[in-house]
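Nothing in this text is a laboratory measurement; each read-out follows from the coordinates by a stated rule. No experiment lies behind these values; they were computed from the predicted model shown. Backbone-built Cβ (ideal geometry, glycine too); neighbour counts: all protein chains shown.
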Amino acid sequence: MAAKAQKLSKTIESRTDNLLEVREFVLRASREFGFSEEEASKIVLAVDEACTNVIKHAYQFAPDRKIEIVIRPVKDSMQITVIDDGTSFNPSIAKLPDLKQHLSHYRRGGLGIYLMRTLMDKVEYKYAPGKRNEVRLTKYLTASEPSA
């Protein structure tokens with residue numbers, strides 16, 4: 001079905017209660033693209049983390065800002081771009097968490113970037129102060145994935 005896939009987009013207001021709508025949108029697109037349920041779930045979780053980071057960090061929980069999610073098929077991959085106009089973030093300054101220490105202290109949060117990098121094949125950031133921020137998440141169809 002990947003050959004029939006086309007660009008899709010959805011814009012939401014920056015409230016966590018809108019994340020269910022994003023998850024359903026991404027899940028539907030992932031299935032249509034040809035990903036297995038397991039891979040589609042990984043994509044959904046990565047996009048959910050990206051949107052949550054925008055809500056918490058870029059917008060500091062302001063409920064009336066916009067987040068745009070754009071899904072594009074590119075050859076044998078699906079690219080999901082999360083776009084916002086909030087505070088810029090330089091991902092190169094983010095340290096990967098020590099999971100053993102993180103879990104032993106029962107910490108909540110702080111794993112978003114780690115999860116996105118682990119669940120997706122490629123994670124790219126485009127940011128500049130005063131401009132729109134973009135997080136591009138790419139997942140490739142593997143040989144074991146059903147494709148039409």
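Amide H of Asn133 versus every other amide H placed in the peptide plane: which residues, excluding those fewer than 5 positions away on the same chain, fall under 5 Å?
Answer set, sorted by chain and number: Asp84, Asp85, Gly86.
What is the Cα convex hull volume of the range 12-94 when expressed per residue in Å³? Kindly include the intermediate steps, with their values, before the conclusion.
Working: hull volume 8.1 nm³, N = 83.
It is 98 Å³ per residue.
Within a 10 angstrom radius of the beta carbon, how do Tyr59, Tyr114 rank from fewest other beta carbons to most?
Tyr114, Tyr59
Using the alpha carbons of the range 23-65, what is the convex hull volume per residue in cubic angstrom, as a whole number?
62
With θ set to phi - 60° and the Karplus curve 6.51 cos²θ - 1.76 cosθ + 1.60, what are the ³J(HN,Hα) couplings of the range 37-43 in order, to the nearest whole Hz, using x for Gly and Pro?
4, 5, 5, 4, 5, 5, 4
HN-Hα J couplings of the range 26-31 from phi, Karplus 6.51/-1.76/1.60, θ = phi - 60°, integer Hz, Gly and Pro as x?
Residue by residue, the range 26-31 yields 5, 4, 4, 5, 5, 5 Hz.
Show me the GluC sites (Glu not before Pro) within the range 1-92 that DSSP assigns to loop and that have at most 13 other Cβ atoms within 10 Å of their Cβ.
none
What's the exposure ranking of Lys139, Lys7, Lys126, going from fewest to most Cβ atoms within 10 Å?
Lys7, Lys126, Lys139
Using the count of nearby Cβ atoms within 10 Å as a rough guide to exposure, how do Asp121, Asp85 rank from fewest to most?
Least to most surrounded, the residues fall as Asp121, Asp85.
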